[in-house]
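The values are calculated or read from the model by the stated rules, or taken from the named source; none is laboratory data. Everything numeric in this text was worked out from a predicted model, so none of it was measured. Every residue, glycine as well, gets a Cβ built from its backbone with ideal geometry; the counts of neighbours run over all protein chains shown.
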Amino acid sequence: MTQMDNIQIVTYEPRFAASIAEMWNASHESWGGDNTVQTEQMILKEHHNHTHIDIFLAVVAEEVVGYCSFSHYKEDTGALYIPLLNVRPDYHGHKIGKRLVLRAVEETLQRGWPRLDLYTWPGNIKAVPTYKKAGFFWERRDDTTHLINLIPSVLQTPAVQSYFEHMDWYTDSTRDIITEPDGRQEYGFDYFTYQWSKDDLHLKMEYERTGRGLRLIETNDYKIQATIPVAHGLPFGTEYPIVYEIINKTGKPLSLEIRSISNNAVSFDLQESKTVDTHATIEGQFHIMPIEEEQDLFQTHPVVEAELVINGKSAIFKIGVEPKFPVRLKLQAPHRMIMVGEEVQLELTVENEYDQTVTYYMKCPDDDILSFQHAEVAIEVPARSRQAVTLTATLLSYGIWHHSISIYKEKSYTADSKVLDQYISLVFSGISSSFGGETAEDWVISNGQYHVCLNKINNKLAIYKGLESITQLFHPKFGLPYKNEFQKDRASKVTFRQEEAMILEAEYNLETLHILLTTVVELYPNGIVNRYYKVKNTSEQERTEPLFLKEHFRLALEDSVIPYRHQYIHTAKGSDASATDYWEVSDITENWLFSYTPHATYGVTWSADQTLITDHWLYALEHSLSLSKLGEQVETPVLQLAIGTWNDWQDFRTFALQKSSADTLIATSSLELKVNQGNPFAQQSLHVEITEYKNVILEGTLSIASQFNSVEPNQYELNRTLELHDFEVQLPLQSAHEIDVLRLQLDMDSYILKEQRLVFPGSEQAITQEIISTEHGDIHTVRNGVLEFQASQSFAPTVFSLKYHGVEWLDSSFPQPVAKSWWNPWIGGMTLEVHGLSPRTLLEEERSVEFTEIKDNLGNVWSGICITVHIQNNVKLKGLSFQQYYVTLPGVPVLCNFIKLDQHTGTTLSPFGANHFSFYKVSEEIKDAKAYIKNTVQEDVIYKAGKVQYETEVKDRIIRFGSNERKEKLLFVDHPENESCAVFVNTHLVASVAIANLFANNNEQVWGKPQFYIISDAEIPDSTLSDLFNIQFDVRDTTNDSEGSPS
């Protein structure tokens, strides 16, 4: 007997904790690279009072080599879930993952659940076939990689159970296994197909994705299928057809009964019995009931359901539909503070879900908040499309504009022409205003520049400073064991009052727990937020056991201060320290955390008597509540947040501890200098200008030289008697070196100031543009004498090659996409990922590649490649085009990239988000590749590829990539006005990513900020790079075209 024969699948026991820790420590490379260390105590603590149904372990001689957690699925109904699956790397290839997954499928079936779900990542191509063979389907989603397994439903269907007395559902499956999303699309529906065959026995079953229900059975004897022959998205208030088609293959009569099953969302009445000789069609009508909220696209949809009895054996058929509002309104105010008395342009978007063009009529009422220039609105909207119109209004006072709008199909506004009523809302906050009330989605309190929104559906508390979301708080869990079943309970009563703070109280009748829960939020104008709970016993029976309440909060650690082991740790110092599992929460020695977020400081403090814990990626606090008698009420201690209240963590610590420290606690230009008017690209001469904005006189010596002697060294005396506040000089360029650093020293009376500026002398050599025909399609190629870069329309919307003097610097899959690391598909090169659009979907959109020439604001004429993508398939982004410009200048080792949006989606993009990835090849060996950055406190950090995964934000947006193999480095410089910039290295890839959020109204063109790539063996100081950001392309004076012309 081999060691593999001794593998057992067992359930978790504490005695396995040390071995589980060893398994995780040996599995870092399987998860993209990690260097956290697990211990027995950490495993015991994590699994104490865990919320999993069970945990399955693969064990060899008491050694854990595989792990599979098994839980209720919290994001949808009707499913169990595999949160985590891992096999120790040295046991890969021994079918351990398969056995763990099949054990979870078996347990799902035994517990009577119809479905099992899991998440993975697209690049996990080794595991996807295992999952699919075990019955999982890969859903076609842009937001994540989600798989569902309907084998339990199959085996619970009486009509086919006899087939599995002769066939094995796993070994006799004939389904095609491919590592891409599943589904056959028809009328907007996605159908998942199982097939089995053994000897002369055949079975096919098809499930509809959104309803998670059976819609087709085909056997040797018959084929029965249900079809909704119109569309998946259906406006409510109308009847639609459903067709059942029956084919009898036996030559003997087939007995069929159809018994419809109605539900709250779908009214369906069809009761029919039929004997089918050869073929029959049965049609029914179902009615979509009115809805209060839009359907979550990735949760189980309302279904058209019926029980089919086939020759006496039952099968439940269910087809999901997406109920839609026949017409939907969205009112958007400008993304800025609006002052009382200001005339403001509001954008009203109208979505029409009917199959024909409709003109809608409505009135926007005036109130104490808004006065509209024209109250009546008429807008024609094409079929199944949307249209936007601008409304002019005057803000009369701060508060909530919240109204039910009646929408009509005729201008007469008669009852017969009324489509529906819909609430729309806008919140206007002022620096000194305070109010509370409701919007269409939330309960809101506002105080000064802060406001808090309690979502009516999921009960999340979103906290804002101005227009920026700072953090969220979550609805509590009750236990033990803790459950999420109360998270979507609607508040039965919400009240507002103003004292020193604005106060919101929301009551929830949790009948199954026999308690009345009141969430209390107090919002102060200085950014202090208090949150606590009142819990009242409504049970007439005496409680003998305490009730446990767990509350959660979120705090990101990217730039935070933690009181840790009696020290104060600033996570921005040193290498990446933002992952929660880097820190033992039990070693946090004081009752506070503090973070420097992009928009405000954010501190959290809790009662010193409580112990902070973690719950996955959230922090949490547990409360044991004693509620023995009817009517007894308790309050939890206050959780306090400070949003922008203190700039420094030391002051917040004093507030949290309610005492100051006598010790100094440490965790651990007015002078402008312009070269060439801020233009780093020069020819023939340089213009140097010094301007002193302070009320002082320039006195001393100005010395000028350069690293590669592009200018002649010289000194200039600045005499006090001249009373100069500025000085300028013209410097002839002496050489045509690719790059130079101008060195300037001001030796003044009371100080010495040294500054440097980057200069690209350039050349008069023409840039060449060539289309090269290959077996893989045409390749657009640009050469400037130093750089060569290429793109191919037939491959992908990417620049796949960048060469410096003939040496390649980009990592790409050209000529075909592949699966790599976390990506599937991966194309590499320089590429744009659009938020809400998967890379696979983006590849399916129409694109073009053309040469381009464009002039910037400083007069430089750039040439290169323009890649255009027209989005037509994605519902939310349909009508949007974006252009990626990759341009250069003659004789310089610089490539510039930026994007331009051409926005015709019919609504506001608020925002359009995009990640610009650049994948680099800096060495033939991945382990030789390095990324050089400065962290937030300006320490030098070098990340080595090929060993551990790091994805680290780079605050100064400057990243160098190099290796021992090459003397040159590639310098990536991102624009400071973009959202963020990060370096990414792991065992497979080296990359930079720049994230941009662009706000664009309908029919508007918006230009992104440029980013730059510089390849050189010269040492380029970071301080010299700022002049690059003087370059702008959103100007009208351009070559060939008023906005930059592909040629």
Hits in segment 931-951 - residues which are buried (at least 21 other Cβ atoms within 10 Å of the Cβ), in a strand (DSSP E or B) and either of a type outside the set (Phe, Trp, Tyr) or at pLDDT below 90 (or both): ALA931, ILE933
Among the residues of segment 221-235, write down those that are crowded, with 18+ Cβ neighbours inside 10 Å and not in a strand (DSSP E or B). ILE228, HIS232
Filter result for GLU343 (of a type in the set (D, E, K, R), touching a Ser or Thr at 6+ places or on another chain (Cβ under 6 Å) and not assigned by TED's automatic domain parsing to the domain that holds GLN903): yes
Would you confirm whether or not segment 318-336 contains a residue that is loosely packed, with under 15 Cβ neighbours inside 10 Å and either part of a strand (DSSP E or B) or polar (S, T, N, Q) (or both)? no
From THR300, THR349, which residue is under 26 Å from the mean Cα position of the chain (by Cα), hydroxyl-bearing (Ser, Thr, Tyr), surrounded by 13 or more Cβ atoms within 10 Å (Cβ to Cβ) and within 30 Å of PHE428 (Cα to Cα)? THR349
Sort through ALA667, ALA705, ALA662, ALA682 and tell me the only one that's under 30 Å from ASN860 (Cβ atoms), of a type in the set (Gly, Ala, Ser) and at pLDDT below 90. ALA682
Residues in segment 268-312 that are outside any loop (DSSP other than H, G, I, E, B) and farther than 14 Å from PRO235 by Cα: how many? 22
Would you confirm whether any residue within segment 373-395 is in a loop (DSSP other than H, G, I, E, B) and within 30 Å of ASN530 (Cβ to Cβ)? no
State the number of residues belonging to segment 559-586 that are over 14 Å from LYS955 (Cα atoms), surrounded by fewer than 16 Cβ atoms within 10 Å (Cβ to Cβ) and either touching a Pro at 6+ places or on another chain (Cβ under 8 Å) or not polar (S, T, N, Q) (or both). 6
Test: LYS98 is modelled with pLDDT of 90 or more, under 30 Å from GLU208 (Cβ atoms) and basic (Lys, Arg): yes
Working only within segment 981-1026, note down all residues that are part of a helix (DSSP H, G or I) and either in the same structural domain as THR390 (by TED's automatic domain parsing) or small (Gly, Ala, Ser) (or both). SER1023, SER1026
Among the hydrophobic types (A, V, I, L, M, F, W, C) and assigned by TED's automatic domain parsing to the domain that holds LEU832, is that true of VAL973? no
Can you name the condition, by its number, that GLN422 falls short on among (1) assigned by TED's automatic domain parsing to the domain that holds LEU346; (2) under 21 Å from VAL520 (Cα atoms)? (2)
Among the strands (runs of 3 or more DSSP E) confined wholly to segment 411-476, which include 2 or more residues that are within 25 Å of the chain's Cα centre (by Cα) and surrounded by fewer than 19 Cβ atoms within 10 Å (Cβ to Cβ)? 468-473
Hits in segment 863-905 - residues which are in a strand (DSSP E or B), touching a Gly at 6+ places or on another chain (Cβ under 6 Å) and over 29 Å from ASP740 (Cα atoms): none
Among the residues that make up segment 46-64, is at least one of them within 16 Å of ASP581 (Cβ to Cβ) and crowded, with 17+ Cβ neighbours inside 10 Å? yes
For segment 478-492, which positions are farther than 18 Å from GLU635 by Cβ and either of a type in the set (Phe, Trp, Tyr) or part of a strand (DSSP E or B) (or both)? GLY479, TYR482, LYS483, PHE486
Step by step: first the residues of segment 987-1015, then only those that are polar (S, T, N, Q) and modelled with pLDDT of 95 or more, then the one that is nearest to LYS930 (Cα to Cα). Which residue is that? SER992
